[in-house]
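Here's the structure, in structure tokens; my notes come after.
The values are calculated or read from the model by the stated rules, or taken from the named source; none is laboratory data. Given the structure is predicted, the values throughout are model-derived calculations rather than measurements. No Cβ is skipped: glycine too gets one built from the backbone with ideal geometry, and neighbour counts run over all protein chains shown.
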């Protein structure tokens, strides 16, 4: 079984949407990515840090999904990363109410010997220096290294981010981030500029308008799955990346064609994520539900 290495936040969120409030629930980019990966035949491990307040039941939940948690560092007397946010009726508008970095403020990721040479590496949305630290610990070249990042790091750590971008195969970002990183206002031009930075492929997420894959000489556009009722969009992008990585982990080759199919899986998995608060949908997702929705999506 091929190995997938995931680095990202394991956190607690508190989410308010027009449909209610979640209260304090499990969240974090690494959590969403790993839960999505768990639907595939891959041996995965998550690298993160939490505080002593992180409940054992959540470690057990991730373990029970087949994801190894031995590289989640539990910091004595520390507190777990916490985020509280509020969404408006326009899902693209979100207010951050509270952000507490806590143990992630001095996060020093440590990759276990078992996962130093993974088939797939997923660098979740963290400071680029943390992502670099993970890459520096790898002893082999992953078949695919997938990078997620955001505007904040472009504003505050651009040079560090560019250094990481040069070392990855695939970037997954949204349309606003692509425009900012490239300095271009048209997505095709933005993609061409970002590809010049080093990656082989860029996937640009466009929310309700789907996503687009760009290679050196290829382009593929994929519509979004028509979700009937969005409850909470938190983690949808991370779930997309996890579905992408999980599908690729089962392939012999990573190329434009396999990425196209991987995007279909990522899109469908993200559609489940947004149907409930936090990770609740992904915690209970059955493989047959995924297959049924995949078939529905492919027929549409």
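Quick notes on this one:
- The listed residue being at pLDDT below 95 and either crowded, with 16+ Cβ neighbours inside 10 Å or under 30 Å from residue 183 (Cα atoms) (or both), out of 136, 95: 95
- Segments classed as helices (runs of 4 or more DSSP H), wholly inside the stretch 246-300, with at least 1 members that are over 24 Å from residue 13 (Cα atoms) and at pLDDT below 95: 287-299
- The residue of the stretch 139-159 that is nearest to residue 43 (Cα to Cα), among those that are out of contact with any helix residue (DSSP H, G or I) (no Cβ under 7 Å at 6 or more places or on another chain) and crowded, with 18+ Cβ neighbours inside 10 Å, is 142.
- Matching residues, the stretch 71-83, being in a loop (DSSP other than H, G, I, E, B), free of Cβ contacts under 8 Å to residues at least 60 places away in the same chain and touching a strand residue (DSSP E or B) at 6+ places or on another chain (Cβ under 7 Å): 71, 78, 79
- Scan of the stretch 98-110 for residues that are surrounded by 11 or more Cβ atoms within 10 Å (Cβ to Cβ) and assigned to a loop (DSSP other than H, G, I, E, B), ordered by number: 101, 107, 109, 110
- Residue check for residue 184: touching a helix residue (DSSP H, G or I) at 6+ places or on another chain (Cβ under 9 Å), outside any helix (DSSP H, G or I) and at pLDDT below 95: no
- Among residues of the stretch 172-224, those that are buried (at least 20 other Cβ atoms within 10 Å of the Cβ), within 15 Å of residue 244 (Cβ to Cβ) and more than 18 Å from the chain's Cα centre (by Cα), counted: 1
- Taking the stretch 139-150 as the range and being over 15 Å from residue 30 (Cα atoms) and touching a residue at least 60 places away in the same chain (Cβ under 8 Å) as the test, the residues that pass are 142, 143, 144.
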